[in-house]
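> Take a look at this one; I'll ask things after.
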Amino acid sequence: MEIIWVTSAKYVSGYILELTFNTGEIKTFDFSKLYSKGICKKLQDMTYFKNFQLDRWTVDWNNEIGIAPEYLYEHGVLI
């Protein structure tokens, strides 16, 4: 099994990010399906949501929220 990680991310609209993976594939992921659970509730704040960064593997918000890149890859929509 290949190790998957996010190499770039950009805001699209709403709660959707466009994610590029180390495989070269580009997928969109709608984070609104996650933001009603636990710490992910913070993502409901659009200012907070748009203030994401990349760590070594995935999209990260303030070193508080990071979603496994494998999850983003498996559940993202291929462009």
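Since every read-out is calculated from the coordinates, none of them should be taken as a lab result. Predicted, not measured: the structure shown is a model, and the values here were computed from it. Counting neighbours? That spans all protein chains shown, and the Cβs are built from the backbone with ideal geometry, glycine included.
> ³J(HN,Hα) across the range 26-42 via Karplus (A = 6.51, B = -1.76, C = 1.60, θ = phi - 60°), whole Hz, x for Gly/Pro?
Using θ = phi - 60°, the values come out as 10, 9, 9, 9, 9, 6, 5, 6, 10, 6, 9, 10, x, 5, 5, 4, 4 Hz.
> Counting other Cβ atoms within 10 Å, which GluC sites (Glu not before Pro) in the chain have at most 15 and lie in a DSSP loop?
For GluC sites (Glu not before Pro) across the chain that sit outside H, G, I, E and B with at most 15 neighbouring Cβ atoms in 10 Å, the list reads Glu2, Glu25, Glu64.
> GNM on the chain, C-alpha springs below 10 Å: top fluctuator among Lys27, Lys41, Lys50?
The residue with the greatest mean-square fluctuation here is Lys41.
> Please compute the Cα-Cα pair-distance distribution of the chain with 10 Å bins starting at 0, giving whole percents from short to long.
Per 10 Å bin, starting at 0, the Cα pair percentages come out as 20, 58, 21, 1.
> At 0.36 nm per residue, and after removing the present C-alpha to C-alpha distance, how many nm does the segment from Thr47 to Asn63 gain when stretched out fully? Intermediate results must be reported in sequence, preceding the final value.
Details: separation 16, 0.36 × 16 = 5.76 nm, distance 1.57 nm.
Working it through step by step, the gained length comes to 4.2 nm.
> Which residue, Ile26, Ile39, Ile65, tops the fluctuation ranking in a GNM of the chain built on C-alpha contacts under 10 Å?
The residue with the greatest mean-square fluctuation here is Ile39.
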